[in-house]
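Here the structure is laid out as structure tokens; the discussion comes afterwards.
Where a number appears in this text, it was derived from the coordinates with a stated rule and is not lab data. These figures come from a predicted structure and were not determined experimentally. Every residue, glycine among them, receives a Cβ derived from its backbone with ideal geometry; neighbour counts consider all protein chains shown.
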Amino acid sequence: MANRKGVFFVICGPSGAGKTTLVTRVRQRFPDLVYVPSYTSRPSRGPKELTAGRYRFISKEEFERRIRQNDFLEYASYAGHYYGTPRSEVQTLLASGRDVIKEADVQGVCQLRRRRLPGRLVAIFILPPSLQALEYRLDKRGTESAAARRRRLAAVLDELGALDLFDYIVINRRIVQSVERLSAIIRAEIASSAN
């Protein structure tokens, strides 16, 4: 299957919807699925985040230099910090037939939909079962101030208005069932890309 191009799975959803947990568990089921961390200009939240491998931390100046050099497939600014997807890394993986997974926000998915990629983009939106459940998850996490949580909850309504950008929607009521649904989507999309 030398001419097969990879599938780019982009997982999106509000903070607290369970994206990170789902992606972590799905990656355990699909060891060949390559996770590409986002670059960010925000400082890490501690040693655990530094070793988790979800982000590559760079300065705001370095991020802006990379923007000017067109180094990102997509990028966004949130709460004064940049987040972005490395262009050359993802394109190289897809062109070589590797399947890629990463998280992005709605703004990033909008940008990716306008890009020409060497493989197919499959955008999946993860929803919490309710806004109350989302608020509870954000409170329980305890990583943000009350004002930041309110901003995130307000952003959910905007995100819901962009659901037509997505190929699939998974409502994350229970992790086990959501992992099954997400795994089924990935398995089906990889199988169809081989044809």
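Given q = 0.11, 0.16 Å⁻¹, what are the Debye log10 I(q)/I(0) values for the range 7-193, with equal point scatterers placed on the Cα positions and solvent ignored?
-0.47, -1.07
Would you pull out the residues with amide H under 5 Å of Phe72's amide H, same chain only if 5 or more places away, H placed 1.01 Å from N?
Arg87
Suppose every K and R has +1 on its Cβ and every D and E has -1 on its Cβ; what is the size of the dipole of the range 45-132 about the Cα centre, in Debye to the nearest 20?
It comes to approximately 200 debye.
Can you tell me how much longer the chain between His81 and Arg29 gets when fully stretched, taken as 0.36 nm per residue apart minus their C-alpha distance, in nm with one decimal?
Contour length minus Cα-Cα distance gives 15.5 nm.
Taking H placed 1.01 Å from N in the peptide plane, check which residues at least 5 places from Tyr82 or on another chain put their amide H under 5 Å from its amide H.
The answer is Ser41, Arg42.
Between Arg174 and Arg56, what's the calculated FRET efficiency when r is the beta-carbon distance and R0 is 41 Å? Round to 0.05.
0.80
If you keep only loop residues by DSSP, which trypsin sites (Lys or Arg not before Pro) in the range 1-97 have at most 12 other Cβ atoms within 10 Å of their Cβ?
Passing both the DSSP loop test and the Cβ count: Arg45.
Can you give me the long-range amide H partners of Tyr35? Hydrogens built in the peptide plane at 1.01 Å from N, cutoff under 5 Å, separation of 5 or more residues or another chain.
Excluding prolines and chain starts, which carry no amide H, the hits are Ile101.
Multiplying the sequence separation of Arg42 and Ser96 by 0.36 nm and subtracting their Cα-Cα distance, what value in nm do you get?
Gain on stretching Arg42 to Ser96: 16.3 nm.
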